[in-house]
Amino acid sequence: MKPSRPVWAWAAGAVAALFVPWADPGAHLAMLLAGVAVLLVAAYLPRGGTRGVVPAVGVLGATTAVYPTLLANAPVVGVLADGWHTVPLTLVQLVPVMASTRAVARRHRRWEATILLVAVVGLGLVALVLTGVPGAELLSLVLWFGSFLLAPVATWTAVVGTAGETRRRAILAAVAAMFPVGIIVWCVALGFLAAVVGADEEASITALLYGFSVGTLLCGLGAAASTAPAGSPALRTRIVVLALHGLLGTVVLILGTVVALLLPALSAGWALLAGAVATALLTWPWLRLHGWLARVVDPSEELRHELALLGHVDDGQYRRSALVVLRRLVEDPDLTLTFRVDPRTWVGVDGEVLDAPPHGVVLAGADGGPTVVALPGTPEAAARVASLGDVTAVLRPASAEAHLVHAAGRADAAAEHERRRIAQDLHDGLQGRLLGLALNLQLSGSAVDDPATRLLLEESVGTLRSAVEEVRALGGGRQPELLAREGLAVALGSLVRGVRPIVSLDVTPSRFAPEVETTAYYVVGEAVANALKHASAGRVSVRVAATADALTVTVADDGRGGADPRLGSGLRGLAERVTAGGGVLVVRDGDPTGTVVEVVVPCGS
Amino acid sequence: MRIVIAEDQVLLRDGLVRLLESVGHAVVAQVGDARALVEEVNRHRPDLVIADVRMPPTYTDDGARAAVYLRDRFPRLAVLVLSQAVDPTLVADLTGGRVAAFGYLLKDRVLDTAAFLADVATVGSGGTVIDPAVLDGRAELAALTEREVEVLGRVASGRSNAGIAADLVISKRTVEAHLRSIVDKLGLDAGPEDNQRVLAVLTWFAT
């Protein structure tokens, strides 16, 4: 099936409908050609799954084509001709409803049944009219014209709740459903013209047929577009918005015409002018609705638009900018976003891992399930977020960024873990080997007779022992397990618990690099021990605080004071460790008495 | 005594074997990983096991876990654990509430051959030996005097009051006074029996 054929059929139908003269046979020809064109369109609708729409459109085209023939032979098939127009008019309503059903994949059977039922009843009433039952005429008219509202209601309500391509299909079907209404309006307008302005009857009928052809053709085309194969140009957002504009434009035109017609007192010229003015006035709000129309067709359009307005986004800021824009759009400052970075892990906007899968509105998904979930603060915000539909494509940069950041973090953590493991292994291996060496030398030494050799061996052992102690003191990066697991606040709490006199703690709960935490831990331990041992302090306060790039440890006591900076090998050793880490250790007098030990350790973020 | 040694550092292991055999112990097996340790203990049923905490396959605490397992399975087996560095919580886990025939020493201690052999004998005969380094760097101890810390270290090593008095060249009464002060300052709940005191100390340090 070549995609160009429906276009040809449409072109042929349009040409036929537009350029045939208004004379009676011409109008009939127009209908014939319009019917043929619709048939051609039906012939090239995609098969497989378009249950009912293709044959329906086909029959619509056929009856449209045949109708003029029947009319021409009106005296012979009078009632039939009169009644025959119900068939195409009924089908004209059914076709968009069927297309909408197919597009939205929802059962519209009851609507289709309702339309058919009303049509049949209407037809029956028409038959009654012909037999002269009073009141039937009015009832049949009401039923008949009222039934034309069924298709628009059915198709427009089907648009609600859809998203993406389905939504565009549903909108096209709904636009197509407006054409039967248009035909009726056209019919009424012509009747009004004939009654009030006294137009020529022949011309009226011609105009009616002409309007019917165009209406039917456009309705068939709309239904065809609605059921076009995926990716067809007919389903592009711009085309759908254009279709909606066409609808609105037609309404504006109709209203302008109504204004012109409602001023019979004025001469034709003034009436036309009034009509033109009315049309112009209505055009302005129509054009203003463009943004709203774009949003109706594609709710995620607004999100895309706002994100595009941000311009250039720095690396690492995609998630945050998406969050800011979303919060603004749904008017919820408490909204948060969560991203799925692997089958079982969800992270927030700043990369923090969540404990449990989030429950919120799914914004984006892949075949494995949801990938971006929004957590709105209020139910209204939740509804607004849900109306955005599936914004997978729009949020792709943010989602990819979340993946990237998470993976990089895991890689970093793994590398760090590996580094520490290697350092630990090196350290422990070295210590063990030195020890083994020392032990063996020692044992050998005791078996040697020569005093000089024995002395040499003893010295060697002594050197090795010092080496072993130094290596052990280096620690190999080992941390007290509680510190490694829970951090400074918990570990220090455990360290000073049960100490008398009481030590007051003010420790930030944040975590830092292991070397930084270890240094701080030992500093506090040593400083507190000194305060209690040497200064006979009554109160000791420990404060650990973090600034943007450094950790500050302050241990103050109210003891004897007179701190000697050379005091204690413990603090001296720690001072070396602190300076090795790029920090500073200061011991000074407290105010009014006592000692303050202050350590600042850099800990870049 | 019949001893099984588990140590992956070959040089050190050799030295230990030589040392122990030089005073008449029988090293019935020497292994380099935790699984082999359990197998050999099963096969030979020794009196004492000397094991390194850190061994293959994971090089974290395989030796320690094997030790716990063996102490459960063979209640009369004496176990001496050697460690790279001090880990008080690990000590508490290892003893599992039972301090008899148990020892925990820093590897460095083997260089003090005489003391080490004495510790081996203590553990082998059902006593308890805990390396005094377990007490290092604990701020709580700042409340204790130097003397009291020494006494505490010896309690942890499983010395009796008489033994402590002999070590520090002070009278038994002085030792008891120190102990009362320690118990008071640290808030310990110590019983009269030696091993119970060690247990109390360990439990307290481990928390």
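Can you tally the net charge around A:Gly445? Count Lys and Arg as +1, Asp and Glu as -1, for every other residue whose Cβ sits under 15 Å from the Cβ of A:Gly445.
Around A:Gly445, the charge tally is -2.
Classify the stretch A:347-443 as rounded, prolate or oblate, taking a ≥ b ≥ c as the square roots of the eigenvalues of its Cα gyration tensor: rounded when a/c is under 1.5, otherwise prolate if a/b is larger than b/c and oblate if not.
Working: a/c = 6.00, a/b = 4.09, b/c = 1.47.
It is prolate, given that a/c is not under 1.5 and a/b is the larger ratio.
Restricting everything to alpha-carbon atoms, can you work out Rg to Rh for the stretch A:244-288 with a Kirkwood hydrodynamic radius? Each step should come with its number before you reach the end.
Details: Rg = 10.9 Å, Rh = 10.5 Å.
Using Cα coordinates only, the ratio equals 1.04.
Obtain the nm distance between the two label points defined at A:Leu261 and B:Glu176 by a simple spin-label model: each point lies 7 Å from its Cα along the Cα-to-C-beta direction.
With each label placed 7 Å out from Cα toward Cβ, I get 12.3 nm.
Just checking the output field for A:435-447: average partner chain Cβ neighbours within 10 Å of each residue's Cβ?
Numbers: counts 12, 11, 3, 6, 13, 7, 2, 7, 7, 2, 0, 3, 2.
Per residue, the average neighbour count from other chains is 6.
In whole Hz, what ³J(HN,Hα) sequence does the stretch A:430-439 give by Karplus (6.51, -1.76, 1.60; θ = phi - 60°), x for Gly and Pro?
4, 4, x, 5, 4, 4, x, 4, 4, 4
Which FRET efficiency value, to the nearest 0.05, do you get for A:Leu289 and A:Ala105 by plugging their Cβ-Cβ distance into 1/(1 + (r/R0)^6) with R0 = 25 Å? Walk me through the intermediate numbers first.
Numbers: r = 29 Å, r/R0 = 1.15.
Here the calculated transfer efficiency is 0.30.
Could you give the alpha-carbon Rg of the stretch A:247-352 over 2.2 N^0.38 Å, rounded to two decimals? Intermediate values should be presented prior to the final figure.
Details: Rg = 24.2 Å, N = 106, 2.2 N^0.38 = 12.9 Å.
The stretch A:247-352 yields a ratio of 1.87.
Give the peptides A:362-374, A:459-471 in descending order of average Cβ contacts within 10 Å, highest first.
A:362-374, A:459-471
Tell me, what is the Rg over Rh of the stretch A:167-258, with Rh the Kirkwood radius over Cα pairs?
Numbers: Rg = 15.4 Å, Rh = 14.3 Å.
Taking Rh as the inverse mean 1/r over Cα pairs, Rg/Rh reads 1.08.
I'd like the FRET efficiency for B:Val183 and A:Asp412, computed as 1/(1 + (r/R0)^6) with the beta carbon distance as r and R0 of 45 Å, rounded to 0.05. The partial results should precede the final answer.
On the way: r = 49 Å, r/R0 = 1.08.
Approximately 0.40, to the nearest 0.05.
Could you calculate the contour length gain from A:Arg420 to A:His245, that is, 0.36 nm times the residue separation minus the distance between their Cα atoms, to one decimal place in nm? Mind showing how you got there, number by number?
Values: separation 175, 0.36 × 175 = 63.00 nm, distance 6.63 nm.
Computed gain between A:Arg420 and A:His245 is 56.4 nm.
Could you state how much accessible area B:Glu40 has, in square angstrom rounded to the nearest 10, with a 1.4 Å probe and all protein chains kept in place?
Taking all protein chains as shown, B:Glu40 has close to 30 Å².
For the stretch A:213-304, which chymotrypsin sites (Phe, Trp or Tyr not before Pro) pass both filters: DSSP loop (anything but H, G, I, E, B) and at most 13 other C-beta atoms within 10 Å? Each step should come with its number before you reach the end.
Values: sites: A:Trp270, A:Trp286, A:Trp292; in loops: none.
Qualifying residues, ordered by number: none.
Taking all protein chains together and a probe of 1.4 Å, list A:Cys603, A:Cys187, A:Cys219 from the most accessible to the least accessible.
Numbers: A:Cys603 25, A:Cys187 50, A:Cys219 0 Å².
Accessible-area ranking of A:Cys603, A:Cys187, A:Cys219, largest first: A:Cys187, A:Cys603, A:Cys219.
If eta is 0.890 mPa s and T is 25 °C, what Stokes-Einstein diffusion coefficient results for the stretch B:1-70, Kirkwood Rh from Cα pairs, in µm²/s? Kindly include the intermediate steps, with their values, before the conclusion.
Working: Rh = 11.8 Å.
Using the Kirkwood radius from Cα pairs, D works out to 208 µm²/s.
Hey, if you put +1 on the Cβ of every Lys and Arg and -1 on every Asp and Glu Cβ in the stretch A:251-342, which of A:Pro285, A:Val252, A:Ser300 ends up farthest toward the positive end of that dipole?
The one lying farthest along the dipole's positive direction is A:Val252.
For peptide A:426-433, how many partner chain Cβ atoms fall within 10 Å of a residue's Cβ, on average? Present the calculation step by step, with values, prior to reporting the outcome.
Working: counts 0, 2, 7, 3, 0, 6, 12, 4.
Across the residues of A:426-433, the mean count of other-chain Cβ atoms within 10 Å is 4.
The values are calculated or read from the model by the stated rules, or taken from the named source; none is laboratory data. Quantities reported herein were computed from a predicted structural model and do not represent experimental measurements. Counting neighbours? That spans all protein chains shown, and the Cβs are built from the backbone with ideal geometry, glycine included. Please note that ligands, DNA and RNA were not included when accessible areas were found on the heavy atoms of the full protein model with its side chains. Shrake-Rupley method; radii C 1.70, N 1.55, O 1.52, S 1.80 Å.
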